[in-house]
1. Between a residue in region 23-52 that is closer than 22 Å to Ser10 by Cα and any residue that is loosely packed, with under 15 Cβ neighbours inside 10 Å and of a type in the set (D, E, K, R), which pairs come within a Cβ distance under 6 Å, given they are 6 or more apart or on different chains?
2. Could you name every one of the strands (runs of 3 or more DSSP E) located completely within the chain that has at least 2 residues being under 13 Å from the mean Cα position of the chain (by Cα), surrounded by 15 or more Cβ atoms within 10 Å (Cβ to Cβ) and aliphatic (A, V, I, L, M)?
3. Within region 1-32, how many residues turn out to be over 17 Å from Gly59 (Cβ atoms) and in contact with a Ser or Thr (Cβ under 6 Å, 6 or more places away or on another chain)?
Amino acid sequence: AQIRAISDPSTTLPVPIPVGQAAAKTVSVHGTSGLFVGDSTGLGSGVLWQQNGLVYVVGGTLTESEVLAVANSLK
């Protein structure tokens with residue numbers, strides 16, 4: 001039902017977040033809105049954002065501050 005509710009799938013990227021195993025929140029990357037996802041153990045995280053028509057992802061065994069620092073350092 002949630003997938004069907006997407007009004008324009010050409011401009012929306014659904015990102016499944018497993019309940020109880022990960023948390024997600026909106027963050028800023030290079031001045032644009034991004035999605036931070038971290039697992040419940042704190043061992044892994046990632047950030048995903050779109051800029052200039054491209055989708056970027058940085059992730060790994062990093063903390064939230066580390067993954068955001070890497071993402072914001074990309075040119």
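Read-outs throughout are calculated quantities, based only on the coordinates presented, and are distinct from any laboratory measurement. What you see is a predicted model, and the numbers here were worked out from it, not measured in a lab. Backbone-built Cβ (ideal geometry, glycine too); neighbour counts: all protein chains shown.
1. Close Cβ pairs (under 6 Å, with a partner that is loosely packed, with under 15 Cβ neighbours inside 10 Å and of a type in the set (D, E, K, R)) amount to Phe36/Lys25.
2. Numbers: elements: 22-29, 32-39, 45-51, 54-60.
In the chain, 22-29, 32-39, 45-51 are the strands (runs of 3 or more DSSP E) which contain 2 or more residues that are under 13 Å from the mean Cα position of the chain (by Cα), surrounded by 15 or more Cβ atoms within 10 Å (Cβ to Cβ) and aliphatic (A, V, I, L, M).
3. Total satisfying the criteria: 1.
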